[in-house]
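Here's the structure, in structure tokens; my notes come after.
The values are calculated or read from the model by the stated rules, or taken from the named source; none is laboratory data. Source: prediction; values computed, not measured. Note that each Cβ is placed from the backbone with ideal geometry, even for glycine, and that neighbours are counted across all protein chains shown. With ligands, DNA and RNA removed, areas are computed over all heavy atoms of the protein, side chains included. Shrake-Rupley method; radii C 1.70, N 1.55, O 1.52, S 1.80 Å.
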Amino acid sequence: MAQSAAGDALVELEGVTKRFQRGSGTAVTAVDDVTLSVRRGEVLAVIGYSGAGKSTLVRLVNALEQPTSGTVRVAGQDITRLGEKELRAARAGIGMIFQQFNLLSSRTVAGNVAYPLKVAGVGRAERDRRTAELLDFVGLLDRAHAHPEQLSGGQKQRVGIARALATSPPLLLADEATSALDPETTEEVLTLLRRVNTELGVTVMLITHEMEAVRRVADRVAVMEGGRVVELGDVYDVFTAPQTAAARRFVRSATHDRPSPEALARLREHHPGRLVTVRVTDRPRLQQAVDAAFRDAGTGAELVYGGVGEIRERRAGSLTYELTGDDAAVARALGALRDQGVSVEEEE
Amino acid sequence: MTVEFFDGFLSSTDVFVRAIGQTLLIVSVAMVVSGAVGLVLGVALYATRPGNLFANRLVFGVIGLLVNVIRPIPFVIFLLAVGPLQRLVVGTTLGTEAVTFAIAIAAGFAVARIVEQSLVGVDPGVVEAARAMGASRAAILFGVVVREGLGPLVLGYTFIFVGIVDMSAQAGLVGGGGLGDYAIQYGSQRYDWGVVYAALVAIVAIVVLGQFLGNRLARAVMRR
């Protein structure tokens, strides 16, 4: 969130490595020397393909897993050094939701939400009050006495969110919370997660493999590959200027303004000129700068592919032009654009 | 012919009724005792399993070995073998009490395995969620695992009920009382098949009724 001071970290992972011993001596490194902070008040997404180590990473934050080496601090407390009793108290301050919801099938919706309060020793009256308040927040007050199996997937995850927030934790861990849901329900749950962040001020660590989820709710994103964080930045920056191949793949999965290799082949059939792609950001007068650069260099420019939209409420997109004219003119145009800080690259 | 067939049964209805009462007594006491013993052993087996809440190789190994050794012993042989223990605890190897004790022990180990299996079937994700909430291990074991596994547990318990009725009938061989005893003493030994079939009908009725109640209870617990 904008009002939170930069550097005020709620979660700090330092040089964290987690190795799992597999049967006959072979070890798998799930998390490999990760240093990462989650700032108070932000939504930090951790994206990666399955096996990238992101689910292990999030389990290190509430000590469901112990790191092989490195330290994990939550609210300044080294969570790896706590005794069982202190750890349980610390966990009450960290909510968690899961891909498979993990609701207690033997309890009602209200019973599920009240359970962490019961565990924390909260009295009956206060439990009931808080449960009603949370069910109202997630819009399921009328289903309080239903059993989980009577709910749809989206409703189950909303119960999961209400349950995770019962003890008013400052931190919510979401482990692939929308991966078992259809697109419409995913949207509904992501909107709710965003509300949890903005209306309740809860810091969220969102584990996902869907770049669309990152785009919808996250402030920053960490890209994981092979147990390491290979890229970390504001969502807008990663979307408009991804630095690594892994980040570029994820960005492409959620945006459709760059031509695919097949689309590029089709374009070349009709456009013999050189194809260059300009990255659209919220830089003022970008269009004018582009037009002027092409005009001044004396190249013809035809718009052949692209799109402009919003990422986190800021202009973002990509435009692909066919440039005609001699090589020197094209080089002049690209040089002029790069001098003005416009990102432009030639399609291969 | 038909009237003659049931002559022996009709002249021994008082014994028949008493046999039903004895069978019900043996079965219900054995159910309660083996249920308690089995629940404790089964929960212990689940909890001490390697990597689980109260992982303990020694306890898990000892209970597991006991269950594995005792459970497959045919009940008739177990009944004879448990004699010294019977004499120690009940004071005799004959009669209803001694037989009930033997059945409770044998069934207890079977219940232990069924309890363990019901609990192992509980979704580990739910256990993880409870851990993430900061629940204590004991709270997770009883408030989450046992509670979530209650439906299959009741079904397994119903399954054991049939076995216990079976054992109670076999106990007739050592004069343990009940319908098995009745079928042997008044039936097969006198070549009176009317008595044997009357005992059979009563046993089947008890089993069917017990299963019906068990299934109803399981459904109520699982709320489906």
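Observations on the structure shown:
- More than 13 angstrom apart: percent of Cα pairs within region A:100-172: 59 percent
- Accessible carbon and sulfur surface of region B:14-120 relative to its total accessible area, %, 1.4 Å: 72 percent
- To the nearest ten degrees, helix A:109-119 and the longest principal axis of the Cα atoms of chain A are 70 degrees apart.
- Cα principal axis extents for region B:44-108, largest first, Å: 45, 21, 15
- Solvent-accessible heavy-atom area per residue, rounded to whole Å², over the protein assembly as shown at 1.4 Å: 47 Å²
- Between helix B:57-70 and chain B: long-axis angle, C-alpha atoms, 0 to 90°, nearest 10: 20 degrees
- Radius of gyration over Kirkwood radius for region A:1-129, both on Cα atoms: the Rg/Rh ratio is 1.01.
- All Cα pairs of region A:56-118, percent lying beyond 16 Å: 52 percent
- Interface residues in region A:92-122 - accessible area drops by 30 Å² or more relative to the isolated chain, probe 1.4 Å: A:98, A:102, A:104, A:105, A:106, A:107, A:115, A:119
- Solvent-accessible area assigned to carbon and sulfur over region A:225-334 amounts to 48 percent, based on a 1.4 Å probe.
- FRET efficiency, 1/(1 + (r/R0)^6) with R0 51 Å, evaluated for residue B:219 and residue A:230 via beta carbons: 0.45
- Considering every alpha-carbon pair of region B:3-114, the percent of pairs per 10 Å bin, from zero through the bin containing the longest distance, is 14, 32, 27, 16, 7, 3, 1.
- In a DSSP loop and with at most 12 other Cβ atoms within 10 Å, the chymotrypsin sites (Phe, Trp or Tyr not before Pro) in region B:132-224 are B:191.
- Gain in span if fully extended, residue A:133 to residue A:310, counting 0.36 nm per residue against the direct Cα distance: 60.3 nm
- Computed over region A:139-243, the range of Cα coordinates on each principal axis works out to 49, 27, 24 Å, biggest value leading.
- Magnitude of the charge dipole for region A:39-144, about its Cα centre and with charges confined to Cβ atoms of Lys, Arg (+1) and Asp, Glu (-1), is about 160 debye.
- Cleavage-rule hits (GluC sites (Glu not before Pro)) in region A:288-320: DSSP loop, at most 10 neighbouring Cβ within 10 angstrom: A:313
- Enclosing the Cα atoms of region B:65-157 in their convex hull gives a volume equal to 123 cubic angstrom per residue.
- When accessible surface is computed with a 1.4 Å probe, chains A and B are found to bury approximately 2000 Å² between them, both chains counted.
- Nearest-10 value in Å² for the accessible area of residue A:209, using the 1.4 Å probe: 80 Å²
- The value for chain A of Rg(Cα) / (2.2 N^0.38 Å) is 1.18.
- Computed over region A:217-348, Kirkwood Rh from alpha-carbon pairs, angstrom: 15.7 Å
- Share of alpha-carbon pairs per 10 Å distance bin for region B:138-214, given as whole %: 19, 34, 22, 14, 9, 2
- Tail beyond 19 Å, pair distance distribution of region B:90-224 (Cα, percent): 62 percent
- On Cα atoms only, tilt of B:95-120 relative to the major axis of chain B in degrees: 30 degrees
- Evaluated over region A:78-215, the Cα radius of gyration and Dmax, each in Å: 14.6, 42
- Summarised in one figure, the compactness ratio Rg/Rh of region A:298-338, Cα atoms and Kirkwood Rh, is 1.11.
- Using a cut-off of 27 Å between Cα atoms, the listed pairs A:118/A:156; A:85/A:156; A:85/A:118; A:18/A:118 include A:85/A:156; A:18/A:118 as exceeding that distance.
- Compactness of region B:82-136 was expressed as the Cα radius of gyration divided by 2.2 N^0.38 Å, which yields 1.89.
- Protein-only accessible surface order, largest first, of B:92, A:208, A:68 at 1.4 Å: A:68, B:92, A:208
- Rounded if a/c under 1.5, otherwise prolate or oblate - region A:35-83, Cα gyration tensor axes: oblate
- Residue-count net charge about residue A:200 - beta-carbon cut-off 15 Å; Lys, Arg +1, Asp, Glu -1: +2
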